[in-house]
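The values are calculated or read from the model by the stated rules, or taken from the named source; none is laboratory data. Predicted, not measured: the structure shown is a model, and the values here were computed from it. Cβ sites come from the backbone with ideal geometry, for glycine too, and all protein chains shown count toward neighbours. Each accessible area value is taken on the protein alone, full model and side chains, heavy atoms only, with ligands, DNA and RNA left out. Shrake-Rupley method; radii C 1.70, N 1.55, O 1.52, S 1.80 Å.
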Amino acid sequence: WPEKSLNPINPEADLPLCFEQTVLVWIPLGFLWLLAPWQLLRVYRSRKKKSSITKWYLAKQVLVGLLFILAAIELVLALTEDSGQATTPPVKYTNPILYLGTWLLVLLIQYSRQWCVQKNSWFLSIFWILSICCDTFQFQTLIRALLKDSSSNLAYSCLFFISYGFQILILILSTFSEKNDLSSNPSSTASFLSNLTFSWFDSIVLKGYKKPLTFEDVWEVDEEIKTKSVVSRFEVFMASQLQKARRAFQKRRQKSQRKTGAKPRGLDKNQSQSQDVLVLEETKKKKKSKTTEDFPKSWLIKALFKTFYTVILKSFILKLVHDISLFLNPQLLKLLIAFGSDYESYVWIGYVYTICLFVVSLLQSLCLQSYFQLCFMLGMSVRTTVMASVYKKALTLSHLNRRQYTIGETVNLMSVDAQKLMDVTNFFHLLWSTVLQIVLSIFFLWRELGPSVLAGVGVMVLLIPVNGIFATKNRNIQFKNMKYKDKRLKVMNEILSGMKILKYFAWEPSFKDQVNSIRKKELKNLLNFGQLQTLTVFFLQLTPILVSVTTFSVYVLVDSNNVLDAEKAFTSITLFNILRFPLTMLPMVISSVLQATVSVSRLEKYLGGDDLDTSAIRRVSNFDKAVQFSEASFTWDRDVEATIQDVNLDIMPGQLVAIVGTVGSGKSSLISAMLGEMENVHGHITIKGTMAYVPQQSWIQNGTIKDNILFGSKLNEKRYQEVIEACALLPDLEILPGGDLTEIGEKGINLSGGQKQRISLARAVYQDSDIYILDDPLSAVDAHVGKHIFNKVLGPHGLLNDKTRLLVTHSIHFLPQVDEIVVLGNGTVMEKGSYSTLLAKKGVFAKNLKTFIRHSSSEGEAMVNDGVEEDDDDCGLVPSIEELPEDAASLTMRRENSLHRTMSRRSRPGSRHLKSLKNSLKIRNGNALKEEKEPVKGQKLIEKEFMESGKVKFSIYMKYLQAMGWSSIIFIIFFYVMNSVAFIGSNLWLSAWTRDSVIYNATDYPPSQRDLRIGVYGGLGVAQGISVFVLAATIWSVYGCNYASKILHKQLLISVLHAPMRFFDTTPTGRIVNRFAGDISTVDETLPQSLRSWLMCFLGIISTLVMICMATPIFVIVIIPLGIIYVAIQVFYVATSRQLRRLDSVTRSPIYSHFSETVTGLPVIHAFEHQQRFIKYNEMAIDNNQKCLFSWIISNRWLAIRLEFVGNLIVFCSSLLMVIYKTTLTGDTIGFVLSNALNITQTLNWLVRMTSETETNIVAVERINEYINVETEAPWVTDKRPPTDWPSKGEIQFSNYQVRYRPELDLVLKGITCNVKSTEKVGVVGRTGAGKSSLTNCLFRILESAGGQIIIDGVDIASIGLHDLREKLTIIPQDPVLFSGSLRMNLDPFNKYSDEEIWKALELAHLKSFVAGLQLGLSHEVTEAGENLSIGQRQLLCLGRALLRKSKILVLDEATAAVDLETDQLIQQTIRSEFSHCTVITIAHRLHTIMDSDKIMVLDNGNIVEYGSPEELLEKSGPFYFMAKEAGIDNLNNTAL
């Protein structure tokens, strides 16, 4: 080791040659030989098929071959040179020999990579980098030797230079990725370096910059992270862990039973078995058992850990390396400051330090980004696992367990809880990492400043509880806010569901005030939240400043020998900056881990629940009966008496069996038992063959009609046409704009009940099954359609005549045609036999039949639809509306009147008609391929949600800022700028303070000077922190943003309430609610925060750059290119990231909507045994979302690594400039510049994050703005007001009136002309879709005219304001819609009437006794949609509304299915007596209700075909005569009920 080697006192840097030729050669070779065997073994184990040879591969092999030849030549030279000299060093032989072996090994490794997807081995790349780095030393030594003495060792040097060049070439080659036939995803084939820097992602970023990305542009994810493979890996561990947990659970239970000596509860005979009681019991039990609930615990985390332990381990190592290298920065900074202060030191030392600083920063960046990448991928896989497992579990969960969850809760498990777990997996390493960082920081600080560090750390620790207090306060405020938000959304949901009623009654202002009053409280709360946030931010800002002020002051004051010099001050500041991060993160990480544990236990409870036990349902292939019940008893709940008791029943193959019985006799339960949905008590059911099932409440998926009918089967055109024809769907398909390719909205919203029922039936009929279980499929269809379906499908001559059919029915007139009738009562079979046998028996059946016939009208609608009450016994199966998630609220929007009518115009079946239609359908299917490209107008009912693409327009930012107010904005910016000025000031002052240590030695440091320094530093620090400035700015911005929120919400609400009805028909409620929920809360909470952060980051960067330039003005030259690179990266990234974000949210909603669809349709899926198909679909949906999420994660890493590189370059350049201009600078300046430059990387990163986050969040303003500018209906009140007593007579004149639903559709009313005289009673009749309901909509101007006019008492209704018109008319709608609130509010939302008037109206509406009997009377709370009143009572309340109004014109849209006969008669009677002085227009569905009117209007296809008194019309044999005949009315006397 010669004297003049690497030595600080030596002006030249160099290492001794022997060291370079031994140790530096062995380092890379040792690395390669150690890892090679393990690598080769791995390749051998995981080999795929060999891929074709590429040019890259050939080039690399050739270059390594050349290296081998060079090594051989060197060996030969060494041997021949040995000419008797005794001193030839052994290195001359050993190195070439080592190299020969190494190059052979490299050739072998590169050859073996042919079997891998990823051709470039990561460890070869590391070997090349190491080798080149180590050879660099020898390279410069040899060059120096040659410069001194040109002839020395020339041959050896030349060989070395050539091989050095080849190695660099190979390294360059190995950065290129080689494509592979096996994988389309470039991430799997990317080379090691490309993977480190994510440069394989460049192509997508470029594409995203040129044009907005679409779903097709995004790459698929790798097979091993696809849902299927992840879940199958997880399920193995889940099974074993769950078993252990269950054993532990059993032990716990036995222990607790031993303690209490409890016996299992017996079945209590006295409890009623009605489902309602069950549901109530459930809720009570739920409340009680909250404390004692037990289930298999703490297995989920273990199972997840075992599934993903490799990733967790890798990320652990990366994080550890990063954390340790983080502390090298302050040490290097210290050395650099020492170098700057020491004028004697050689320049090369500075360069070495600078390069080290750069390399360390680079290592940190690479480790950190790879670590994040692994963690986010892990988070994504965890989310995928949880989502897919919850979905699978939902399909097999037992009924008892399923009943504990509403659909909303189950969807929450999938969305919210999975998301929480994902968020925690991203950060759970911080639990140990933050602790490590805190310990290391304090250790290094102690070395710098000794015990006075404790003062600073003490301040930090003291501030933690303060932050804790803020956090809990914050949580309380947010909790309150959630309550307000829920309340506001509940009201919004109701407004949107009952929009039609609000418009009919002109009630919008009342509800607007309701929403606004809630919103006011919410905003006040938000203001408090904002103020707290401000304080929190302020403390965060203050912490580092307070800490450095206290520490330095204590350090200087404790001992007069302590002088603060540059090394100490700036190293400490850097360490304090490092310490700041873990201290703020630790409490956050802990709280989010705690939140996640709640989610984990919820998921454990759900996934650990019992599965359906279908052991009692035996499937056999050879058996003489189709279905056999043997002593079968089934129950919905173990604690209650069995619902189905000891049923013995044989059903023969090919039989049509009707199941009848009164409400609640267990008909639907019997069917559920067959489907395996109930708990078995004893006995069993044997079933031979496959089953198809038509539920009572039809379940329709979101998709085309064709998809719904095919239900995953192959299309057989002939069979398909037969089924459509038999199920009476042809007329509907003709009316629907897209035929069978018409898209059905969520829950079948754009179909009428009858259409849904028939599609549901068609789905079952198309599946060629052996046994058909039909739960009252004829309840929702009109009588003549029911007949058609019975004859064509179910009856003895129908499509299914050779199948076994079980039909639950209430339509008695089909009973004579069935093979066998089973009469149920109280869950047992009372009697069974054919129709004639049962009548002869004179048992229960015959008795019931008599009462049925007595009640039924001559139209043969037996016992008007007790189908409605039949729902009650399904309570357990079909969730009630309250339980559905918010999007599902659209279920309540039965927009029968407007939409369904247009959709379901069922034309009169004429044979000519059907033929032509069949042909047209055939032709249409032939052209289906062309058809799909350009959908028919109106085929898409629900418009695809408008997804903005490209940059958010500047006008949107302006709109938001305008809402804040310009004066506020100027003030806010001014204060933030002042803050930055204070920041620069305090840094300059610190630098001046440390200069004192050079001027005064410790002995003669004047205390006055010392106190001045401390005072001013503290003052500047406090000014910057308390910064009067930051506080002022933040508080001001809180008020500004709050005001902006208020204005935006106000505008949004007003414009939605003013939107015409067709807007609500074509927009799903969920989407409108989303604007009021998600988007408004973004504007309330997230947007202001991201704007503030953006401003702070931006000014922080500017001030750092200003400081560097003040020290070394030449730095400006460096800033310009770096700035350009930075902005370019940002522009590229933001375009791509924004679109990926949108794709992520667009692909996420199908997962949830498909899930809630599945949960509602479970019985159907089980019956058809389509579980696997649904699981597959769910996996596909999750994968689609995964690939967008994956790309989004990568795009973030792609950005971060490039930005950090820019940041590292800034540090590198500034430290390089410090070394170059060393002579003009002092140590304190170096410290001051570099300690700030080291901070810049993080801030740069944040700035781009904030920019893109602000863009993402401003999208909310864009979406709100889209609905603010929605088209509005006519003004509510115009200048022309009608007289106050208008209409006094109630005469209505239609003159050539025309109307259409939406601009692109045909006319619905095609020019109607007629006069209705004062106080006339007019009945309007016509087939479904003839335009009856459109007529009422025109009177209320729900639809505006397309021509002609309506004149009421001499006023053209189009000339006055909508509210003036609507307040003067009254309607009793078909569907009684109530709102949550008091009964009084439902009758009189504006408080116009006195209590006496209201009670009078209630008396006339036959509700007085009911309301008087309620505890709260008129203040009785009505639940959402009036769930706590029966349908009859709701209808009577609507009648009460009409009675209060006392207007001259009443429109009655007759309630069909809703009301039992009794209520119907009450309503008719009241209307006859109370509205005798009014003009009444009745839209009739049952003819006998309008036979006593003065005039009858017969509509068909939008025209009046007949108009006159009933007597006149019955004498002519026109359309009315035939309708009457069909209904069994031949003269006026036959209409008695």
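Key figures
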quantity	calculated
Filter pass, P1060 being more than 30 Å from P212 (Cβ to Cβ), surrounded by fewer than 20 Cβ atoms within 10 Å (Cβ to Cβ) and either modelled with pLDDT under 85 or of a type in the set (D, E) (or both)	no
Residue in segment 626-643 that is nearest to G664 (Cα to Cα), counting only those that are part of a loop (DSSP other than H, G, I, E, B) and modelled with pLDDT under 90	T643
Test: residue in segment 490-511 that is closer than 17 Å to E1085 by Cβ and modelled with pLDDT under 85	no
Test: E604 is over 30 Å from I464 (Cβ atoms) and not in a helix (DSSP H, G or I)	no
One residue from V598, V589 being open to solvent by 30 Å² or more (accessible area, probe 1.4 Å), outside any strand (DSSP E or B) and of a type in the set (A, V, I, L, M)	V598
Test: residue in segment 1083-1091 that is farther than 18 Å from V1259 by Cβ, in a helix (DSSP H, G or I) and open to solvent by less than 20 Å² (accessible area, probe 1.4 Å)	no
In segment 1147-1163, the residues that are more than 21 Å from A764 (Cα to Cα) and either of a type in the set (S, T, N, Q) or open to solvent by 20 Å² or more (accessible area, probe 1.4 Å) (or both)	T1147, R1148, S1149, P1150, Y1152, S1153, S1156
Enumeration of residues in segment 75-89 that are at pLDDT 80 or above and open to solvent by 40 Å² or more (accessible area, probe 1.4 Å)	V76, L77, L79, T80
Wholly within segment 253-369, helices (runs of 4 or more DSSP H) carrying at least 1 residues that are modelled with pLDDT under 85 and out of contact with any Pro (no Cβ under 6 Å at 6 or more places or on another chain)	275-288, 328-341
Residue tally, condition out of contact with any strand residue (DSSP E or B) (no Cβ under 7 Å at 6 or more places or on another chain), open to solvent by 10 Å² or more (accessible area, probe 1.4 Å), farther than 21 Å from D1279 by Cβ and in a loop (DSSP other than H, G, I, E, B), over segment 1338-1388	4
Complete set of residues in segment 679-722 that are closer than 24 Å to L612 by Cα, among the polar types (S, T, N, Q) and modelled with pLDDT under 90	N680, Q696, Q697, S698, Q701
Residues of segment 1230-1245 satisfying the condition of being of a type in the set (S, T, Y) and surrounded by fewer than 24 Cβ atoms within 10 Å (Cβ to Cβ)	T1241, T1243
Residue among I724, I687 that is over 31 Å from the mean Cα position of the chain (by Cα), surrounded by 21 or more Cβ atoms within 10 Å (Cβ to Cβ) and under 30 Å from A642 (Cβ atoms)	I687
Which listed residue is under 23 Å from G1361 (Cβ atoms) and not polar (S, T, N, Q), from R1327, R1281, R1302	R1281
Residue list for segment 763-788, restricted to those being surrounded by 23 or more Cβ atoms within 10 Å (Cβ to Cβ), among the aliphatic types (A, V, I, L, M) and at pLDDT 85 or above	A764, V765, I773, L774
Hey, S194 open to solvent by 40 Å² or more (accessible area, probe 1.4 Å), assigned to a helix (DSSP H, G or I) and at pLDDT 85 or above or not	no
Long-range neighbours under 9 Å by Cβ, at least six apart or interchain, first residue touching a residue at least 60 places away in the same chain (Cβ under 8 Å) and closer than 14 Å to A1274 by Cβ within segment 1049-1071, second buried (at least 20 other Cβ atoms within 10 Å of the Cβ) and among the acidic types (D, E)	L1057/E508; H1058/E508
In segment 1164-1183, the residues that are surrounded by fewer than 22 Cβ atoms within 10 Å (Cβ to Cβ) and polar (S, T, N, Q)	Q1171, Q1172
Extreme residue, surrounded by the fewest Cβ atoms within 10 Å (Cβ to Cβ), among residues of segment 40-71 that are closer than 23 Å to C134 by Cα and touching a Leu at 6+ places or on another chain (Cβ under 9 Å)	G65
Filter result for the condition that a residue is at pLDDT below 90, within 50 Å of the chain's Cα centre (by Cα) and within 28 Å of A632 (Cα to Cα), over G860, G876	G876
Qualifying residues in segment 1399-1430 (those that are farther than 25 Å from Q1465 by Cβ and among the aliphatic types (A, V, I, L, M)) - the one surrounded by the most Cβ atoms within 10 Å (Cβ to Cβ)	A1425
Any chance K756 is assigned to a helix (DSSP H, G or I), open to solvent by 30 Å² or more (accessible area, probe 1.4 Å) and either within 29 Å of A846 (Cβ to Cβ) or in contact with an Asp or Glu (Cβ under 9 Å, 6 or more places away or on another chain) (or both)	no
